[in-house]
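Here is the structure we will look at, set down as structure tokens.
The values are calculated or read from the model by the stated rules, or taken from the named source; none is laboratory data. Values in this document were obtained by computation on a predicted structure and should not be read as measured data. When we count neighbours, we look across all protein chains shown, and the Cβ atoms used for this are built from the backbone with ideal geometry, even at glycine.
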């Protein structure tokens with residue numbers, strides 16, 4: 001299984017800790033995880049993000 005996380009805004013504090021725990025658990029189960037921070041991508045990079053969506057089994061927006 002491959003999961004893509006699209007992060008809309010920077011997360012921190014307890015939410016970041018919880019998110020990191022979930023991702024670590026998924027990775028330990030052999031799930032491939034890719035995290036893309038959307039706020040770090042300029043408008044020219046969105047095409048590559050769209051390409052990634054179709055490569056993964058699940059896409060989760062946070």
Exercise for review: Looking only at segment 27-43, decide whether some residue is out of contact with any strand residue (DSSP E or B) (no Cβ under 7 Å at 6 or more places or on another chain), surrounded by 10 or more Cβ atoms within 10 Å (Cβ to Cβ) and touching a residue at least 40 places away in the same chain (Cβ under 8 Å).
Suggested key: no
Review point. When residues of segment 1-25 are filtered for being part of a helix (DSSP H, G or I) and either touching a residue at least 40 places away in the same chain (Cβ under 8 Å) or more than 12 Å from the chain's Cα centre (by Cα) (or both), how many remain?
Key: 10
Review point. Under the condition of being assigned to a helix (DSSP H, G or I) and at pLDDT 95 or above, which residue from segment 26-43 is farthest from residue 59 (Cα to Cα)?
Key: 28
Review point. For segment 44-62, what are the residues that are assigned to a loop (DSSP other than H, G, I, E, B), surrounded by 10 or more Cβ atoms within 10 Å (Cβ to Cβ) and out of contact with any helix residue (DSSP H, G or I) (no Cβ under 8 Å at 6 or more places or on another chain)?
Key: 55, 56, 57
